[in-house]
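To start, the structure itself, in structure tokens.
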Amino acid sequence: MLTLDRQESYRRRYAAANEGWQPASHLYRDRVAGHLTPATRWLDLGCGRGGVVEELRIGRAVGADPDSASLRAHRLPDLARVCARAEALPWPDGTFDLVCCSWVLEHLPSPAPVFAEVARVLRPGGHFVFLTPNARHPLLVLNRLLRGGRLVGRLYGRDAADTFPALYRANTPERLRSLLRCAGLEAVGLWLVGDPTYLAFGEIAFRLACGLERVTPASWRVHIVGEARRPISGTSKI
């Protein structure tokens, strides 16, 4: 079993040996942080028990999640929280300057209405930043083959309460671009980020995984960080 603490130690080693590399979660955090000011109204969609709002205590943040137990257990007790489904957000048009989500898109049974809702609650010029797995990565292919997509929880010792079925219906660059375009959002960028530490169950496995990472096609890298923008006027072009 690969614990989070052990995985982070391997990530530090990998970063030290590969100049310029950073975990996808760091890239995601930095993209979110780049849009925050004390006046920013932002939504952490699928906030769960914590996440990026714990690190970036800037602006006027709101958390939304359909799981009321996760909201009650959120590690920021003073965070404004709403129990809501992503395809039916309870805010007026143009409420937020920024919407972000991590480890959410892979669980959506019907992604298109969610992207449409994100676009609706963003103000013109507002941004959508997300982090999600890439369905083309071999580990994710294996996860899809297992009933309910629960390989991650079994291999990495994740709490069952934090492990949800993964459907991967939005999880390739082409599919994400299509969903953004159909929602009227224009892509700012999609970044595919490799991470061999998901296979680092020991020293030998870590070294083999690093070698495998060097020959893995860029389009198969395990994580996708994306950013999109609601146009101020006119039709979006992607």
If one puts a single equal scatterer on every Cα of region 1-126 and applies the Debye formula without solvent, what log₁₀ I(q)/I(0) results at q = 0.10 Å⁻¹?
-0.36
If every Lys and Arg gets +1 and every Asp and Glu gets -1 at its Cβ, then about the Cα centre the chain yields a dipole, in debye to the nearest 20, of 340
Integer Hz, Karplus 6.51/-1.76/1.60 couplings in order for region 44-56, x for Gly and Pro:
8, 7, x, 5, x, 9, x, x, 5, 5, 5, 8, 10
How far is it, in nm, from the label point at Leu145 to the one at Glu19 when both lie 7 Å from their Cα along the line to the Cβ?
4.0
By the scheme Lys and Arg +1, Asp and Glu -1, what is the net charge of all other residues having a beta-carbon under 14 Å from that of Pro77?
+3
Would you grab the residues whose amide H sits under 5 Å from the one on Ser102? Only those 5+ places off in sequence or on another chain, please, with H modelled 1.01 Å from N.
Leu131
Residue separation between Ala205 and Glu186 times 0.36 nm, minus their alpha-carbon distance, gives in nm 2.9 nm
Obtain the nm distance between the two label points defined at Asp93 and His26 by a simple spin-label model: each point lies 7 Å from its Cα along the Cα-to-C-beta direction.
4.2
What the Cα atoms of region 89-132 span along the principal axes, largest first and in whole Å, is 26, 17, 14
The chain: calculated mean residue ellipticity at 222 nm from DSSP helix runs of at least 4, using -39500 (n - 2.57)
-9500 deg cm²/dmol
Search the structure for amide H atoms under 5 Å from the amide H of Val82, placed 1.01 Å from N in the peptide plane, and list their residues when 5 or more places away or on another chain.
Gly63, Ala64, Asp65
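Which value, in nm² and rounded to one decimal, describes the direction-averaged projected area of the C-alpha convex hull of the chain?
The orientation-averaged projected area of the Cα hull of the chain comes to 12.7 nm².
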Quick one: if you stick a label point 7 Å off each Cα along the C-beta vector at Arg177 and Arg72, how many nm between them?
4.5
So what's the angle, to the nearest 10 degrees on a 0 to 90 scale, between helix 173-182 and the longest Cα principal axis of the chain?
10
Calculate one ³J(HN,Hα) per residue across region 113-121 by plugging θ = phi - 60° into the Karplus curve 6.51 cos²θ - 1.76 cosθ + 1.60, and present them in order as whole Hz with x for glycine and proline.
x, 5, 4, 5, 5, 4, 4, 5, 7
Give a quick list of trypsin sites (Lys or Arg not before Pro) in region 12-86 that DSSP marks as loop, anything other than H, G, I, E or B, with at most 11 other Cβ atoms within 10 Å.
Arg57, Arg75
For Arg41, distant residues with modelled amide H under 5 Å away
Arg60, Asp97, Leu98
Taking only Cα atoms, what is the 0 to 90° angle, nearest 10, from helix 4-17's long axis to the longest principal axis of the chain?
80
Roughly what angle does helix 203-215 make with the longest principal axis of the chain, taking Cα atoms, 0 to 90 degrees, to the nearest 10?
60
From the backbone phi of region 71-78, what are the Karplus-calculated ³J(HN,Hα) couplings (6.51 cos²θ - 1.76 cosθ + 1.60, θ = phi - 60°) in whole Hz, Gly and Pro given as x?
4, 5, 8, 4, 6, 10, x, 8
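Quick note: the coordinates plus some simple rules give every number you see, no bench work behind them. Since the structure is predicted, the reported quantities are computational estimates derived from the model, not experimental observations. Here the Cβ is made from the backbone with ideal geometry for all residues, glycine too, and neighbour counts use every protein chain on show.
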